[in-house]
1. Conditions: (1) closer than 25 Å to residue 162 by Cβ; (2) modelled with pLDDT of 95 or more; (3) within 14 Å of the ligand (Cβ to nearest atom). Residue 87 meets all but one. Number of the miss?
2. Filter the range 220-241 down to residues that are part of a helix (DSSP H, G or I) and within 15 Å of the ligand (Cβ to nearest atom) and give me whichever is surrounded by the fewest Cβ atoms within 10 Å (Cβ to Cβ).
3. Take the residues of the range 31-48 that are in a loop (DSSP other than H, G, I, E, B) and out of contact with any Asp or Glu (no Cβ under 8 Å at 6 or more places or on another chain): which is nearest to the ligand (Cβ to nearest atom)?
4. Would you call residue 104 under 18 Å from the mean Cα position of the chain (by Cα), at pLDDT 95 or above, more than 21 Å from residue 185 (Cβ to Cβ) and of a type in the set (A, V, I, L, M)?
5. List the residue pairs whose Cβ atoms are under 6 Å apart, where the first residue sits in the range 49-74 and is part of a loop (DSSP other than H, G, I, E, B), the second is more than 15 Å from the ligand (Cβ to nearest atom), and the two are 6 or more positions apart or on different chains.
6. How many residues are crowded, with 19+ Cβ neighbours inside 10 Å and within 22 Å of residue 213 (Cα to Cα) if we restrict to the range 128-151?
7. Inspect all residues belonging to the range 106-118 and state whether any of them is buried (at least 17 other Cβ atoms within 10 Å of the Cβ), more than 16 Å from residue 178 (Cα to Cα) and touching a Ser or Thr at 6+ places or on another chain (Cβ under 7 Å).
Amino acid sequence: MKNQLPVAIVTGASSGIGLGMLLALLKADYCVVGTSRTISASSDLKNLSNLKLVDGDAGKKETAVAVSRTAIENYGRIDLLVNNAGMFLPKPFTEYTENDFELMIATNVASFSFMTQQVLGPMQKQKEGHVVSIVTTLVNQPIRGIPAALPVLTKSTMAATSKELAIEFAQDNIRFNTISPGTVRTPMHADGNIEELSKLSPLGRIAEISEIVDAMFYLQGAKFVTGENLHVDGGAHAGRW
Ligand SMILES: NC(=O)c1ccc[n+]([C@@H]2O[C@H](COP(=O)([O-])OP(=O)(O)OC[C@H]3O[C@@H](n4cnc5c(N)ncnc54)[C@H](OP(=O)(O)O)[C@@H]3O)[C@@H](O)[C@H]2O)c1
C-alpha cells in the first residue's frame, strides 16, 4: 500500500507519556500504530483516522511481530519507533523477587529488543529510520531514598544498547536516541505526593507529558543526532542540589 505520510509505532500508548506521544504524532500528520496490553479498550482512541491499535504484552516477541506487520500492511513503511512501554518498581535491592526480575526484564528489556528487531528490516530497506526509547534519569543520577536498582538495571541496558545500535546501523541511516525523564505527571504517579516528587529536580517541579513529547519531536527532526541520551529532568542528572 502506498502512503505518503510518515509512520510511527508507539509502545505503551494507552496511558501517560505513550498516549501523549501517540496523540501528538497524529496531530503532526503521522500514521500511528499504538500498542499496549489493553489499548483497544481505550475510549480516548476510538475511531481516530490514521491510527491502528494492537493489543499485546510488550515483553512477547509475537506482539512486536504483530505491531510491525500492522504498520507495514496498513501504511507501507516505519519511520519512527518510540519504545515507551515500561515499568517502575522501586524496592530495596535485597527485596526484589525472582518474579520481579522476570517481569521487569520482560517489560523493560525484552520489549525494547523485540520491537526494535522488528522495525529494523523495513528501516534498512528505506535507508532511513529512528528509534527513540524512554529511559529514566535515575540511570545517571540515583537518588538517596528512592531504591530503584531493578529499574536502573533494566533501563540502563536500553541507553547503552541504543548507543551500540547507533553505531551498528549508522550505515543504514537509522538513528537511535534515548530520553531520560525525571518524574513526569502521568498515571504512574496518581497516588504520588507531587510536592515531594517536585523536590527530586533542581528546577523544583515535575515534568509535563508535553515536555517529553517535545524532546521526542526535537530528536525526530535532528537528523545528525544519534547515540544521544537527552535528559528532561529539570537538571537532576547534573549533580547535587
Ligand atoms: N512517569 C514518570 O515519572 C517516568 C519517569 C521516567 C521514566 N518513565 C518511563 O516512561 C514510560 C511511560 O511511563 P508513564 O508514566 O507514561 O506510565 P503509565 O502511565 O503507567 O503507562 C504505562 C504504559 O505502558 C503500558 N504497559 C505496561 N506494561 C506493559 C506490558 N507488559 N506490555 C505492554 N504495555 C505495557 C501500559 O498499558 P497497558 O496497561 O494497557 O499494557 C501503559 O500504556 C515507562 O517506560 C516509564 O518507565 C516514566
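1. Tallying (1) closer than 25 Å to residue 162 by Cβ; (2) modelled with pLDDT of 95 or more; (3) within 14 Å of the ligand (Cβ to nearest atom), residue 87 fails exactly one: (2).
2. 237
3. Filtering first and then ranking leaves 42.
4. Against the criterion (under 18 Å from the mean Cα position of the chain (by Cα), at pLDDT 95 or above, more than 21 Å from residue 185 (Cβ to Cβ) and of a type in the set (A, V, I, L, M)), residue 104 qualifies.
5. 50/31
6. Number satisfying all stated conditions: 12.
7. yes
The values are calculated or read from the model by the stated rules, or taken from the named source; none is laboratory data. This one's a predicted model, so the numbers in the text were calculated from it and none came from an experiment. Neighbour counts are summed over all protein chains in view; Cβ atoms, including those assigned to glycine, are modelled from backbone coordinates with ideal geometry.
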